Amino acid sequence: MAVAIVLALGFVFRFVLAALLPPGYDEAYYLFYGQNLSLSYFDHPIAVGLWSWFGQGLGTTPLALRFPSVCSYTLALGLLGSATARWFGPQARFWTLLVGSFCPLVFICGGVLLLPDAPLLLALALLLWWLSRHPRATPANARQAFELGAVFAAITLSKYHALLVLPALLGWTLTHRKARSGWRTPWPWLAVMVWGLLSSPLWIWNHHHGWVSLLFHTGRTTQDLGYAPDGSLLFLLSQLGMLFPPIGILLLLSLWVCPSGEVRCREVAGLLRWLVWPQVVVFVLLAGRMQVMASWLVPAWWMLLPLAGHWLSRRNWRSLQLRAVGFSTASILPPLLLLVAGQARWGLLEPLLPTRSDPSAQLMRPQDISRTIQAHPAIWQALQKADVIASHRYEMPGFLALALGSNTQARFTAFSDDPRGFAFWDPPGAFSAANGVIFAPVEPGRPLHQRQFPRITSRLEPLGVVQVRRAGRPSVELEFVRFAPLSGAYPLPPARLRQG
């Protein structure tokens, strides 16, 4: 009963956050993944496109797009709890579910927003669930081989950096005698074959596009940018903050402190650390060379949750200090997150954090954009008549697509040196003789109508500037220009993309 209550309350809380938060830049971009289903995508494998497609089957509101993530996280948490119960007992499962429901960075990336982390955490939960039932970590028959190969494929098709998990698991099996003996049978090799077959959409798509995805992602890490140790330290500290400090410290303790108990517990802890350490080391070091996204370590924290649950289940909760930390976390964190969501939506903290100084004010609600544009008839009519609606920033068209809905039949794209997926979704000869509208947030000193766009030979006609408001206060200014029919197909730059 306690497990069901924790899962249900977690689902309700994430649902509320998903309903409150305006769409993020990545989510607006992933809208088009669901409208252009493919074997894979330039930035990420296919899984987030399927989540987007499922969400759009429910509607084109931010909540509809996020609903698959809200649901899949509940399922993933249930599977993770089941694995924890097998390894460490029912009390550890309860604590694992509780921490997983309270850990902001993990559940927001994997269970609120439309991000690749949502399908990834489900796939990783399936992996841990499978490992909890097969202590040797290698399949012993054909059925187990097909199961493990399918789980490996699900991980591979979710997010590129999750591929670190697979060699880490391989390393563990090769360094442990019982697991290593499994490689003398045909079943692990069959699992590898099943993985290759089921993950083939990723390899097929990249083969047909010059391995552009892998070149793009590896190109960012091989640039000669030097190394700054303070970047790694700041990244780690920021992770602790976004995990919420007590939870972040708990997860770091789980990474370092060996659990007490029987030999089996220590073996499981060793396995989980084998899966987690490569991610922590790689991304903390990369943070000293380049910008590392906050979500990149989410899979590592996710796989540490069973160890955190085990550690908590062994504590003496009569301790005043532990009770104080637990009570303060439970009483502070949910209201704090609701306040953050309310600030992003309504600017609740306007006297303390003015809209002009609040980065979350840049996240525009579709209703606010639509209402604002309809108050400018010339822009509204131009958008309705346009063949093409574009921006020079690849993440912007999704905001307008959500706002306009069925009020336009235009195709959305990015006229940019970095169009991301639009370079592959737009058909050959796209937009030849097409007319349309280009829009973007206002950049002081760089009016949109003075920018140069290939194939647009006529003068860009300014349509005007609109001021999107958040809760009645100005938040974002959007500039719109109109262009006459293109002189030929718009030149998309996949060659630039291959350089990362």
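Bear in mind these aren't lab numbers, they're just calculated from the coordinates by the rules spelled out. Just so you know, these numbers come straight off a predicted model, no measurement behind them. Neighbour counts are summed over all protein chains in view; Cβ atoms, including those assigned to glycine, are modelled from backbone coordinates with ideal geometry.
I'd like the FRET efficiency for A433 and Q362, computed as 1/(1 + (r/R0)^6) with the beta carbon distance as r and R0 of 35 Å, rounded to 0.05. Provide the component values of the computation, followed by the final result.
Numbers: r = 35 Å, r/R0 = 0.99.
The computed FRET efficiency comes out at 0.50.
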Measuring from the longest principal axis of the C-alpha atoms of the chain, the long axis of helix 229-243 (C-alpha) lies at a number of degrees, nearest 10, equal to 80 degrees
The answer for V112, listing residues at least 5 apart or on another chain whose modeled amide H is closer than 5 Å to its amide H, is none
Computed about the Cα centre, the charge dipole of the chain from +1 Lys/Arg and -1 Asp/Glu charges at the Cβ has a magnitude in debye, to the nearest 20, of 1200 debye
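Note down the relative contact order for the chain as a percent, whole number, built from C-alpha pairs under 8 angstrom at least six residues apart.
On the way: 816 pairs, mean separation 80.6, N = 500.
Once divided by the residue count of the chain, the mean separation gives 16 percent.
Fewest Cβ neighbours within 10 Å first, please rank S82, S200 accordingly. Let's see the in-between values first.
Values: S82 18, S200 15.
The most exposed by this proxy come first: S200, S82.
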Rounded to the nearest 10, the angle in degrees between the Cα long axis of helix 90-102 and the longest principal axis of the Cα atoms of the chain comes to 20 degrees
Here FRET efficiency (C-beta to C-beta, W256 to E395, R₀ 41 Å, nearest 0.05) is 0.60
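Considering only DSSP beta bridges whose two residues both sit in the chain, what percent are antiparallel, to the nearest 5? Mind dumping the intermediate values first?
Details: 15 of 22 bridges.
That works out to approximately 70 percent antiparallel.
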Helix 212-222: inclination vs the chain longest Cα principal axis, degrees, rounded to 10, gives 70 degrees
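Based on DSSP H runs of at least 4 residues, each adding -39500 (n - 2.57), what is the mean residue ellipticity at 222 nm of the chain after dividing by all its residues, to the nearest 500 deg cm²/dmol? Numbers along the way, then the final one.
Details: 23 runs with 299 residues, N = 500.
Helix-only estimate at 222 nm: -19000 deg cm²/dmol.
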Neighbour-count ranking for W256, W203, W380 (other C-beta within 10 angstrom, fewest to most) reads W256, W203, W380
Quick calc, W277 & R315: beta-carbon distance into FRET formula, R0 25 Å, rounding 0.05, result 0.55
Simple spin-label estimate for I5/A294, 7 Å along Cα→Cβ, in nm, reads 3.1 nm
Residues of the stretch 294-323 with backbone N under 12 Å of the label point set 7 Å from the Cα of A228 along Cα→Cβ are none
With label points set 7 Å from each Cα along the Cα-to-Cβ direction at H217 and R459, the distance between them in nm comes to 4.7 nm
